[in-house]
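Colleague: Structure provided below as structure tokens; questions to follow.
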Amino acid sequence: CYALFDKKTYFFLVRVAMESNKVFSGYFSGKLLQCLLVAVCTFLPMWALGLPYAMLISIIMGICNLISMVGPIIGALPCALLLTLESPLSALWFIIITVAVQFVMGQLIGPKLLGDSTGISSFWVLVAVIAGGGIGGVSGMIVGIPAFAVIYVFIREWVNLRTLRKDSPRFESECERVYNSEK
């Protein structure tokens, strides 16, 4: 790769690729674990209360939780409608369970699972979800946050690269750190 790019550009591209890999893998593994927890935490109280379609509804809620912010609403509306047709009391219990699960996931467990894997604030998460949904629909909403985080990493690394001089000791130490992490 040194033949294609100069040393500074090569290490810039390697750093962006490493950070992008970390962002994507951290986001999706945390999000999948969160979806599994939502499905289990929805299923257990519904099963304990004897609500109909507990397995189906918990799977729908888990899958819809892949979409940040609006996914739980997208999943809960048809499920509540289905339960309303069966029994309005079942729908009420489902709504209570969903609000409790989403509160716990959104306030306590979700931020711990996803942590700082994306490195962007909640405002930019909202912008990424809206922009991703506008560009790619539901799949854009799912991929929007990590894609936006990769763009952020690219810009951050580009700015960092511009501040480094080739003859500075910091540039050499950054290059060595990237080179050693590749092995």
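The values are calculated or read from the model by the stated rules, or taken from the named source; none is laboratory data. This structure is a prediction, so every number in the text was calculated from the model and none was measured. Every residue, glycine as well, gets a Cβ built from its backbone with ideal geometry; the counts of neighbours run over all protein chains shown. Heads up: the accessible areas ignore ligands, DNA and RNA and are worked out on the full protein's heavy atoms, side chains in. Shrake-Rupley method; radii C 1.70, N 1.55, O 1.52, S 1.80 Å.
Colleague: For residue 102, which of the numbered conditions (1) under 26 Å from residue 150 (Cα atoms); (2) touching a residue at least 24 places away in the same chain (Cβ under 8 Å); (3) assigned to a helix (DSSP H, G or I) fails to hold?
Modeller: (1)
Colleague: Evaluate the following for residue 42: is it of a type in the set (Ser, Thr, Tyr) and open to solvent by 20 Å² or more (accessible area, probe 1.4 Å)?
Modeller: no
Colleague: Only one of 107, 102 is open to solvent by 70 Å² or more (accessible area, probe 1.4 Å), polar (S, T, N, Q) and within 21 Å of the chain's Cα centre (by Cα). Can you tell me which? Step through it out loud before you land on a result.
Modeller: On the way: 102 fails: open to solvent by 70 Å² or more (accessible area, probe 1.4 Å).
107 is the lone residue from the list that is open to solvent by 70 Å² or more (accessible area, probe 1.4 Å), polar (S, T, N, Q) and within 21 Å of the chain's Cα centre (by Cα).
Colleague: Here's a follow-up. Looking at (1) small (Gly, Ala, Ser); (2) buried (at least 18 other Cβ atoms within 10 Å of the Cβ); (3) over 25 Å from the mean Cα position of the chain (by Cα), can you tell me which one residue 58 breaks?
Modeller: For residue 58, the exception is condition (3).
Colleague: Moving on. Could you tell me whether any residue of the stretch 75-88 is crowded, with 16+ Cβ neighbours inside 10 Å and either of a type in the set (S, T, N, Q) or free of Cβ contacts under 8 Å to residues at least 12 places away in the same chain (or both)?
Modeller: Within the stretch 75-88, none of the residues are crowded, with 16+ Cβ neighbours inside 10 Å and either of a type in the set (S, T, N, Q) or free of Cβ contacts under 8 Å to residues at least 12 places away in the same chain (or both).
Colleague: Determine, yes or no, whether residue 173 is closer than 23 Å to residue 15 by Cα and either open to solvent by 30 Å² or more (accessible area, probe 1.4 Å) or at pLDDT below 75 (or both).
Modeller: Details: closer than 23 Å to residue 15 by Cα: yes; either open to solvent by 30 Å² or more (accessible area, probe 1.4 Å) or at pLDDT below 75 (or both): yes.
It is true that residue 173 is closer than 23 Å to residue 15 by Cα and either open to solvent by 30 Å² or more (accessible area, probe 1.4 Å) or at pLDDT below 75 (or both).
Colleague: Next question. At pLDDT 90 or above and either surrounded by 13 or more Cβ atoms within 10 Å (Cβ to Cβ) or over 28 Å from residue 25 (Cα atoms) (or both), is that true of residue 117?
Modeller: no
Colleague: Would you please name the residue that is modelled with the lowest pLDDT, looking only at residues in the stretch 64-88 that are farther than 17 Å from residue 46 by Cα and part of a helix (DSSP H, G or I)?
Modeller: Here the residue is 71.
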